Structure formats: structure tokens, C-alpha cells
Amino acid sequence: MLKNRIIPCLDVDKGRVVKGVNFVDLIDAGDPVEQARLYDAEGADELCFLDITASHEDRETIFDVVARTAEECFMPLTVGGGVRTVDDIRKLLLAGADKVAINTAAVNNPEFVREAALKFGSQCIVVAIDAKRTGPGKFEVFTHGGRRETGIDAIDWAKRMAEYGAGEILLTSMDRDGTKQGFDIELTKAVADAVTIPVIASGGVGTLDHLVDGVKSGHASAVLAASIFHFGTYRISEAKEYMAKAGIPMRIGERGGK
Amino acid sequence: MDVVIIDYESGNLRSAAKAFEHAVDELGGGSVLVTSDPARLADASHIVLPGVGAFADCKAGLAGISGMIDALNEQVIARGKPFLGICVGMQLMASWGREHGDTEGLGWIPGEVVAITPNDPSLKIPHMGWNALEFEPGIHPLLDSIDPGSHAYFVHSYGFRADDAAHVLARVDYGGPVTAVIGRNNLVGTQFHPEKSQRVGLHVIANFLKWRP
């Protein structure tokens, strides 16, 4: 039986983790590779790096981070943030990423998703959707970290991206992101039920029950969380066991590491 | 041991190379070469064919390298070198692929590659994530000291339907059985990605490298 996945996400700026775990066993808490190793050892099902580096000249740092992670962690790695061209994707994959998340570039040019899926295969193309509630049961796609509206309906957009060859949707509720109030279940369920590809729920996780809700009520295939793991509120292994006890099929007791 | 991973521009070979390098080091050393040069297959002790994307594209990519399919047939079929196909690299061993039209495979293991059709409509396609391997303990050295029920990482929408059930070494359940590991003589293939399957995956790679078919 296929298991639901927990995906810890790390925000990386100029090659450094912005908000990181502060466990004593880390030699360098700002090193994304150290954090990745920790999550791997804890049995994370995948890893996600979100590159938030603003300046173009510093953007090369992510390739080194990805390459060093791929040396140590033999698990799926998704990289998002600033993926705009076929060449960006190629460089990330060659560095050792398995999937790339495309967000703004998809909105600016939907054909880019089609082109990327044809070239590299749907399995490595994740379309990231940042959605905001604009009315009862209405959700709109936003870009630029939720600052720019697009006028595009989030559910229609998810369907279109699946049609264009996206292999997975990473769905973030901009209303819930950072609030610790839980996923926007209505949004998650609406998108997950509308597409045949897997949906990763993101934005708003504050408790382990929120993870359970994302799968049970939101119908997500995977749940992504950042701060509850970053700050050591919960360990990945603890979260997985909690979800399993709630009746969700999880991969328990298998770890990464060498 | 000298592992050759065939590069025919299908996806990311760095993580596969890293995982094999790790396994080779653990087993006492050797080389891991990623190459698109058919001549290099002659020096290989083990040959690995990865692959992501569509069957037809992968077959075209492989056929597009002059002499590669001949070199594979010579080294793998005629000389019997241990061969591991991963994901679409495993599917290519079939007689036929039915993705995006009908495409002839390498024809090494009789069968065809068809869309997976879970009997539960709520199950997503692609089949993506960690699924539990089902197999008879002791069925094949590739799965030595791996417990049935261990998880491996899958991402695919098509699966290998073998003509002879004896060639299916392990399955997973995804609204019905899906072939996870296939094998015949010196040939093995995994639908999952051992290079992405943490310790279980590294174990499969090490088993492959230790295997003397």
C-alpha cells in the first residue's frame, strides 16, 4: 500500500538555512546539508528546499547546496524558488535535485510547464500554487509570495497544470501560511479532488492534528511543513507515528542515513 | 568492480551515480562511470540502465546512440554481465511499451508495459511515493536481507506486465498488484528508484553489485 508522505521544507537564502532547527547535535545549524542529513536520518519521506535568494549573482549557491545534499541523502529532493527556464531545471537536476517546483514562471508562461514536462518528464515537474481565499469557496492564484494577484481561479489552474504535464501540485494557502492554524482544508480538498495527480498540502501547520487533517479531510497525498520541524516542536518520526495512530498509512521505522 | 551507468539523456544521473559510488566504496572499491559511449560497456563488470519519462522517448534516446543497443545485447545478453534497469530502464527490457503508441522494447523479458489502472478511482496517477514491497523471502539475491514490507520510492504511471509470472520477483499493491522487481537470468530491474530509497535502496544496489548470476 502506498503511504502518505511528510515533506520537511527548508528556506534557503544564499546557501544558508533561514529558519533552522536548533538541535544541539548540529555542528552548523545554518547549513542546509546538515539539516537535510538530520531529516533524512529521522525518516523524512522527501526533502524540499525553497531557495529565497533574491539577488541573481548569489543564486549559484543553491547548486552547491543541492550537490552536497545529494552526496549524503539518498531520498527524493525537490527544489523550488526562481525556477524560470529549462536551463534552470537542467542545472538543478544535474546538481542532484529530483524534482523542481515551478511557481511564478508557470503563471507568466503556462507553456513553460508543458515544455519542461516534455523535456524532463512529468515525474520531476511540481507546480507550486500559492492560493488565497477571495470569497466563499473561491480561491485565486497569487504570485510573489502572495503579494500579486493574477485573477486566475486556483482550482481551474491546478487542473490546467495537470493537463500540461505537471506530475504533482504543491498547494500553499497564503491565508494560512505562517499562522499555525492548520491547512486551509476547503482549498486543499477542492484541489485534491479536482486533479488526478498527487497534491502536497502546505501552509499553516502548527500541530500534528493539522497534518492528520490535511490527509484525512483535505485528501492530500503528502503534507509539507517547515516551522514545526525547524524549531524542534516536533520530530519527523513523532509526526509520522502520530499520523499512523490516526489511521493514515505511513512509512514507520525506516530511516535514512548511511 | 566497474559499474557503467548508461547516459542517454534520460533524467538525472547524478543521484544514481552517487548512490552507486557509495555502495562501491562500502564494498571495497571500484569505479562508477556514467557514459554514453557504447565501447565502454566492454570494460564494465555491471551495467545499469536508468530512465525517467516516457517509454517511447527513452527507447528513442537509447536507439539514438549509435551502437548502444548492439553493445547492450553483446555485453548483457551474449556475455551475461549483471544488468540492472531502473524505472523506465527496467521497463525497456519488455517486448513492448504501450505508452504514447506501441514501441518495441529490448525484448529481454517477455511482457508489455501498460498504464497502471488501480481498481480504486481515488488513487492518484502517477503512483508516487513509498510503497511496501511484497515478495517471498529468498526469492532473489537482489532482495537478500531485505524484509518483505520494506518501502521503496516509486514514481511512474506505467507498469511491467510480464508474460511469465515467474519473472516478477516483487510487487506492490496499488489498487491491485504492480510489478516492483523483475528478473530473468542475469537481468534484474526495479520499478522503484533504489537511489532514492534510503537504506533499503542502498541495500538493493549493494546486493546487485555482490550478485554473481
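The values are calculated or read from the model by the stated rules, or taken from the named source; none is laboratory data. Just so it is clear, the structure is predicted and the values come from calculations on it, not from any experiment. No Cβ is skipped: glycine too gets one built from the backbone with ideal geometry, and neighbour counts run over all protein chains shown. We work out accessible area using only protein heavy atoms, side chains counted, and drop any ligands, DNA or RNA first. Shrake-Rupley method; radii C 1.70, N 1.55, O 1.52, S 1.80 Å.
Could you tell me whether any residue of the range A:245-257 is in contact with a Cys (Cβ under 7 Å, 6 or more places away or on another chain), under 24 Å from A:Ala70 (Cα atoms) and within 14 Å of chain B (Cβ to nearest Cβ)? Don't jump to the end; show me each part of the working.
In the first step, residues of the range A:245-257 are kept if they are in contact with a Cys (Cβ under 7 Å, 6 or more places away or on another chain); the result is A:256.
Then drop every residue that is not under 24 Å from A:Ala70 (Cα atoms), which leaves A:256.
With within 14 Å of chain B (Cβ to nearest Cβ) added as a condition, the list becomes A:256.
Yes, some residue in the range A:245-257 is in contact with a Cys (Cβ under 7 Å, 6 or more places away or on another chain), under 24 Å from A:Ala70 (Cα atoms) and within 14 Å of chain B (Cβ to nearest Cβ).
Within the group B:Ala42, B:Ala17, which residue is hydrophobic (A, V, I, L, M, F, W, C) and over 18 Å from B:Pro194 (Cβ atoms)? Explain how you work it out, then say what you get.
Values: B:Ala17 fails: over 18 Å from B:Pro194 (Cβ atoms).
When all the criteria are applied, what remains is B:Ala42.
Which one of these is acidic (Asp, Glu), over 26 Å from A:Val12 (Cβ atoms) and touching a Gly at 6+ places or on another chain (Cβ under 7 Å): A:Asp193, A:Asp213?
Matching residue, one of A:Asp193, A:Asp213: A:Asp213.
So, in the range B:124-144, how many residues would count as being modelled with pLDDT of 95 or more, hydrophobic (A, V, I, L, M, F, W, C) and under 27 Å from A:Lys240 (Cβ atoms)?
Qualifying residue count for the region: 6.
Just to confirm my filter: which helices (runs of 4 or more DSSP H) fall fully inside the range A:151-258 and include at least 3 residues that are open to solvent by 10 Å² or more (accessible area, probe 1.4 Å)?
Because the criterion is at least 3 residues that are open to solvent by 10 Å² or more (accessible area, probe 1.4 Å), the helices (runs of 4 or more DSSP H) in the range A:151-258 that meet it are A:154-163, A:185-194, A:208-216, A:236-245.
Take the residues of the range B:151-197 that are away from chain A (no Cβ under 14 Å) and among the basic types (Lys, Arg): which is most open to solvent (accessible area, probe 1.4 Å)?
Here the residue is B:Arg161.
From the list A:Val86, A:Val127, pick out the single residue that is closer than 24 Å to B:Phe192 by Cα and either of a type in the set (Val, Ile, Thr) or crowded, with 16+ Cβ neighbours inside 10 Å (or both). Explain how you work it out, then say what you get.
Values: A:Val86 fails: closer than 24 Å to B:Phe192 by Cα.
Of A:Val86, A:Val127, the one residue that is closer than 24 Å to B:Phe192 by Cα and either of a type in the set (Val, Ile, Thr) or crowded, with 16+ Cβ neighbours inside 10 Å (or both) is A:Val127.
Consider B:Lys210 against the criteria (1) surrounded by fewer than 18 Cβ atoms within 10 Å (Cβ to Cβ); (2) over 19 Å from B:Leu49 (Cα atoms): it satisfies all of them except one. Which criterion is unmet?
(2)
Which one of B:Val113, B:Val48, B:Val76, B:Val52 is crowded, with 20+ Cβ neighbours inside 10 Å, hydrophobic (A, V, I, L, M, F, W, C) and in contact with a Cys (Cβ under 8 Å, 6 or more places away or on another chain)?
Of B:Val113, B:Val48, B:Val76, B:Val52, the one residue that is crowded, with 20+ Cβ neighbours inside 10 Å, hydrophobic (A, V, I, L, M, F, W, C) and in contact with a Cys (Cβ under 8 Å, 6 or more places away or on another chain) is B:Val52.
Being within 14 Å of chain A (Cβ to nearest Cβ), assigned to a helix (DSSP H, G or I) and surrounded by 14 or more Cβ atoms within 10 Å (Cβ to Cβ) is the filter here; which residues of the range B:2-43 pass it?
Listed by number, the residues that qualify are B:Arg14, B:Ser15, B:Ala16, B:Ala17, B:Lys18, B:Ala19, B:Phe20, B:Glu21, B:His22, B:Ala23, B:Val24.
Go through the range A:66-87 and report how many residues are within 18 Å of the chain's Cα centre (by Cα) and more than 14 Å from every other protein chain (Cβ to nearest Cβ).
Qualifying residue count for the region: 5.
Do we find that B:Gly201 is more than 21 Å from B:Val48 (Cβ to Cβ), within 14 Å of another protein chain (Cβ to nearest Cβ) and touching a residue at least 40 places away in the same chain (Cβ under 8 Å) in this structure? Break it down into steps so the answer makes sense when it comes.
On the way: more than 21 Å from B:Val48 (Cβ to Cβ): no; within 14 Å of another protein chain (Cβ to nearest Cβ): yes; touching a residue at least 40 places away in the same chain (Cβ under 8 Å): yes.
No; evaluated as a whole, the condition is false for this residue.
Got a sec? Which of A:Leu94, A:Leu2 is within 13 Å of another protein chain (Cβ to nearest Cβ), open to solvent by 20 Å² or more (accessible area, probe 1.4 Å) and at pLDDT 95 or above? Full working, then the answer.
Working: A:Leu94 fails: at pLDDT 95 or above.
Checking each option against the conditions leaves just A:Leu2.
Do you know which residues across the range A:126-150 are in a strand (DSSP E or B) and in contact with a Lys or Arg (Cβ under 7 Å, 6 or more places away or on another chain)? Lay out the reasoning, then the answer.
Keep residues of the range A:126-150 that are in a strand (DSSP E or B), which gives A:126-135, A:138-143, A:148-150.
Answer for the range A:126-150, where residues must be in a strand (DSSP E or B) and in contact with a Lys or Arg (Cβ under 7 Å, 6 or more places away or on another chain): A:Val126, A:Phe139, A:Glu140, A:Phe142.
All but one of (1) within 11 Å of chain A (Cβ to nearest Cβ); (2) open to solvent by 10 Å² or more (accessible area, probe 1.4 Å) hold for B:Ala71; which doesn't?
For B:Ala71, the failing item is (1).
For the range B:64-86, state whether one or more residues are assigned to a loop (DSSP other than H, G, I, E, B) and under 13 Å from the mean Cα position of the chain (by Cα).
Yes, the conditions are met somewhere in the range B:64-86.
If I ask for residues that are within 23 Å of A:Glu60 (Cβ to Cβ) and open to solvent by 40 Å² or more (accessible area, probe 1.4 Å), which ones from the range A:104-123 would you list?
Answer for the range A:104-123, where residues must be within 23 Å of A:Glu60 (Cβ to Cβ) and open to solvent by 40 Å² or more (accessible area, probe 1.4 Å): A:Asn108, A:Lys119.
Given the residues A:Glu60, A:Glu46, which is the only one that is open to solvent by 10 Å² or more (accessible area, probe 1.4 Å) and either at pLDDT below 90 or charged (D, E, K, R) (or both)? Please lay out each step first, then the result.
Numbers: A:Glu46 fails: open to solvent by 10 Å² or more (accessible area, probe 1.4 Å).
None of the others qualify; the one that does is A:Glu60.
Across the range B:87-129, what is the total count of residues that are away from every other protein chain (no Cβ under 14 Å), among the acidic types (Asp, Glu) and more than 16 Å from the chain's Cα centre (by Cα)?
Result for the range B:87-129: 2.
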